[in-house]
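What follows is a single structure, written as structure tokens, with notes after it.
What follows is calculated from the coordinates using simple rules that are stated; it is not laboratory data. A quick note: this is a predicted structure, and the numbers were derived from the prediction, not measured. In this analysis, Cβ positions are derived from the backbone assuming ideal geometry, glycine residues included, and neighbour counts consider all displayed protein chains.
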């Protein structure tokens, strides 16, 4: 407190600053629709898939390769007696292969009766976003990926590409 300033006026000053900050914060309509997203990285870029499509997040275990399959199909993994395929999202999306790191994870995803494991660089977070905060994909995205993207969002000042898992699985079946 400055010398000669009375404590009551200092309190009023602090309360005024608090009121100003509170009035500056965005008011969110609690009835607005939200979507849960699982955020992950591919080569450091942020991506997301709807949380309702992700059944489990696993550490990568032993993946048994399958001869004669497309390069993006890494092989099969045994999950408590269930055998699931594992795809490399980087290769499916025509990105360079992700380096091996301890942060790699397998997302067990299911959509339209298709279930598979998806290898990603790292799982960042599981978040709820307002649907109104999701924008349309930008026009500069190349055609091979644009139809797989359902929207763009922001997470901690980083751009997040939201993938449409149904369209990703359709592309996978067409290869």
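Taking only C-alpha pairs under 8 Å that are 6+ residues apart, what is the relative contact order of the stretch 34-174 in percent?
Here the relative contact order equals 28 percent.
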Original post:
Extension gain residue 18-residue 45, at 0.36 nm per residue separation less the Cα-Cα distance, in nm?
Top reply: 6.1 nm
Original post:
Using a basic spin-label model with each label point 7 Å from the Cα along Cα→Cβ, how many nm lie between residue 36 and residue 128?
Top reply: 0.9 nm
Original post:
From largest to smallest, what semi-axes in whole angstrom does the chain give when each is the square root of 5 times an eigenvalue of its alpha carbon gyration tensor?
Top reply: 44, 18, 15
Original post:
How many nm is it between the label spots at residue 173 and residue 158, if each spot is 7 Å from the Cα in line with the beta carbon?
Top reply: 3.2 nm
**OP:** State the antiparallel share, in %, of DSSP beta bridges confined to the chain, rounding to the nearest 5.
**Re:** 85 percent
**OP:** Name all residues of the stretch 31-66 having a backbone nitrogen under 15 Å from the label point set 7 Å from the Cα of residue 145 along its Cα→Cβ direction, giving them as ranges.
**Re:** 40-49
Original post:
Hey, what did the stretch 72-153 get for relative contact order, percent, Cα under 8 Å, at least 6 apart?
Top reply: 21 percent
Subject >> 0 to 90° range, to nearest 10: angle between helix 7-24 axis and the chain longest Cα axis >> reply: 40 degrees
**OP:** Mind pulling the angle between the C-alpha long axis of helix 165-174 and the longest principal axis of the chain? Nearest 10 degrees, somewhere in 0 to 90.
**Re:** 20 degrees
